[in-house]
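Asks: I have a structure I would like to understand better, so I am pasting it below and will then ask my questions one at a time.
The values are calculated or read from the model by the stated rules, or taken from the named source; none is laboratory data. Bear in mind that the values here come from a model prediction, so they are computed numbers and not experimental data. Because the Cβ atoms are built from the backbone with ideal geometry, glycine has one as well, and the counts that use them run over all protein chains shown. The area values use the complete protein model at the heavy-atom level, side chains included, leaving out ligands, DNA and RNA. Shrake-Rupley method; radii C 1.70, N 1.55, O 1.52, S 1.80 Å.
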Amino acid sequence: MPALLTCGTAAWAQDKAPDKVPGYPVRPIRIIIGVQPGAGSDMVARATAQILTEKWGQNAVVDPRPGGGGVIASELTAKSAPDGYTILQSGDGLLFQSATKRVAFDILKTFDPVVASTQQPYILLANLSVPAKTIKELVALSAGKPLTYTGSSGVGGTVHLGMERFAKLSGMKLKHVAYKGSAPSLLALMGGEVNLGVTSAMSATAAIRSGKVRGVAALGLTRASSLPDLPTLVEQGFPGFKITNRYSLWVRAGTPRPIIQAINRVVSDGMHAPAMAQKLATDGSEPAERLTPEQLRADLARSYVELEKQVKELGLKF
C-alpha cells in the first residue's frame, strides 16, 4: 500500500469544517462493521461510537454484520440512505472488495470516505506446536509442506493479498484458510487447525499475552507499541515490506458535505485526544493521520490503482 498523504498541519488548520450541523443528529447513528464482536475493528468502532455519543449527546451504536470478508456489511451500507445515520467502518479491505470484483459496485463511486480513524500493523502469529520461531525458520519449515495460515479479513482481503505477496517475495510456501473474522481465526490458530495466523495488533496483543500463541513478526515498518519485543519483517531481512491496516469511516455517496465534514472533525479530534491516544497505544494502535475527506479520497484512489496492479501481477482469482 502506498504511504499516506503527507497532511500538513497548516492544511488541517485551514479546514473550516464544523463539529456540529443544525438538525443532525436527531436520532441514533449506526456504525456497521463487517466482523464479529471482539475483533480489532469492533474495538475501534466502539471507541468511535463513544466519541460521537459524548460529543453530540445522541447514541451511536455498533452493528456487527460479519461474513463474506466484509461484503455483507458494505452491501448493506450501499443500500442505506445518504443521510449520515448509517456509517460503514472498514479497513483497507474495502478497496480489495472492489479490486477483486467481490461486489457489483464501484466502492469509490458508491461511498464517500469520511475520516481515517486509527491505524495499526498486523502481527504474524504461530501455533505453539510450530517449531519455527523466526521468518527464516518458517521458510525452511514450509519447504517440506506448505504452512496453513488464516487472516481475519478473509479471501481477497488485506491479509490474504499481503501474505500472497510475502510468499512470492520470501519463498515461503503457504496455504490460505478463511474464517469469519479474527475471533474464529484466533480460536482456530490456538486449537491447531492452522499453523499461522495474521491479525491486527489490537487482537494479537491479547492473544500473545494469554500465552496460547507465539508472535513471529510485526508486519509494520516499526515495532508495535504494545509488543515492543517482537521484531518486524524489516529486521528479519525484508526491508520495506509491510502489511498494515487503517480503519476509515464511509457513508453513502450523496450524504451532505456538512455532515461528512462534521463527522471528520469530531472523530479526528476524539481519536487524537490524549486519553484516547494513550488507550489506543496500549492496545497496539494509534490515531490515523489527520486527513480531510478530500485528502482521504485522493489517497484511497491511489491505493486502489496499486491494488488492481498487485491483483493482476499475482494472478489471484476469486
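Asks: Starting at the first residue of the stretch 93-102, write each ³J(HN,Hα) from the Karplus equation 6.51 cos²θ - 1.76 cosθ + 1.60 with θ = phi - 60°, in whole Hz, x for Gly and Pro.
Replies: Whole-Hz 3J(HN,Hα) from phi for the stretch 93-102: x, 4, 5, 5, 4, 7, 5, 9, 6, 8.
Asks: For Thr222 and Leu314 in one chain, what is 0.36 nm times their gap in residues minus the Cα-Cα distance, to one decimal in nm?
Replies: Details: separation 92, 0.36 × 92 = 33.12 nm, distance 2.60 nm.
Separation in residues times 0.36 nm, less the Cα-Cα distance, equals 30.5 nm.
Asks: Per residue, how much accessible area does the stretch 57-203 have with a 1.4 Å probe, in Å²? Let's see the in-between values first.
Replies: Working: 5320 Å² over 147 residues.
Heavy-atom accessible area per residue stands at 36 Å².
Asks: So what are the ³J(HN,Hα) numbers for the stretch 165-176, from phi and the Karplus equation (6.51, -1.76, 1.60; θ = phi - 60°), rounded to whole Hz, Gly and Pro as x?
Replies: Once θ is set to phi - 60°, the couplings for the stretch 165-176 become 5, 5, 4, 5, 6, 8, x, 6, 8, 10, 10, 7 Hz.
Asks: Same structure again: Pop out the carbon and sulfur fraction of the accessible area of the chain as a percent, whole number, probe 1.4 Å.
Replies: Answer for the chain is 56 percent, counting heavy atoms of protein chains only.
Asks: Also, quick follow-up: Over the stretch 232-289, with the other protein chains present, what is the accessible area per residue in square angstrom, probe 1.4 angstrom?
Replies: 37
Asks: Quote the FRET efficiency, to the nearest 0.05, computed for Lys133 versus Arg209 with a Förster distance R0 of 22 Å and r equal to the Cβ-Cβ distance.
Replies: Working from the Cβ atoms, E equals 0.80.
Asks: In the full protein assembly as shown, how much of Tyr122 is accessible to a 1.4 Å probe, in Å² to the nearest 10?
Replies: 10
Asks: Right, something else. Per residue of the chain, what 222 nm ellipticity follows from adding -39500 (n - 2.57) for every DSSP H run with n ≥ 4, rounded to the nearest 500?
Replies: Using -39500 (n - 2.57) per qualifying helix, the result is -12000 deg cm²/dmol.
Asks: When every alpha-carbon pair in the stretch 16-104 is counted, what percent end up more than 23 Å apart? The partial results should precede the final answer.
Replies: Numbers: 1045 of 3916 pairs.
When all Cα pairs of the stretch 16-104 are counted, 27 percent exceed 23 Å.
Asks: Sticking with this one: Using the Karplus curve 6.51 cos²θ - 1.76 cosθ + 1.60 with θ = phi - 60°, work out ³J(HN,Hα) for each residue of the stretch 258-274 in order, rounded to whole Hz, and write x for Gly and Pro.
Replies: Result, ordered by residue: x, 5, 4, 5, 5, 4, 4, 5, 5, 5, 4, 4, x, 5, 8, 4, x Hz.
Asks: Can you give the angle from 0 to 90° between the axis of helix 293-314 and the longest principal axis of the chain, with both taken from C-alpha atoms, to the nearest 10?
Replies: 30
Asks: Could I ask something else about it? Take the Cα gyration tensor of the stretch 230-318, multiply each eigenvalue by 5, square-root it, and list the three semi-axes largest first, rounded to whole angstrom.
Replies: After scaling each eigenvalue by five and taking roots: 28, 23, 10 Å.
Asks: Could you list, in their original order, any pairs among Lys168/Lys309; Lys212/Lys279; Lys242/Lys309; Lys145/Lys173 whose Cα atoms are separated by more than 19 Å?
Replies: Where the Cα-Cα span goes over 19 Å, the pairs concerned are Lys212/Lys279.
Asks: Something else now. Heads up, I need the accessible area for Met276: 1.4 angstrom probe, whole protein in place, Å², nearest 10.
Replies: 20
Asks: For Leu221, tell me the accessible area in Å² from a 1.4 Å probe, rounded to the nearest 10.
Replies: Roughly 90 Å² of Leu221 is accessible to a 1.4 Å probe.
Asks: In addition: Can you list residues from other chains, or at least 5 along the same chain, whose modelled amide H is less than 5 Å from the amide H of Gly38?
Replies: For Gly38, whose amide H was placed from the backbone, the distant partners under 5 Å are Met43.
Asks: Remind me, relative contact order of the chain in percent, using alpha carbon pairs under 8 angstrom and six or more residues apart?
Replies: Averaging sequence separation for qualifying contacts and normalising by length gives 28 percent for the chain.
Asks: Quick check on the chain: what does the Kirkwood estimate of hydrodynamic radius come out to from the alpha carbon pairs, in Å?
Replies: The answer is 19.8 Å.
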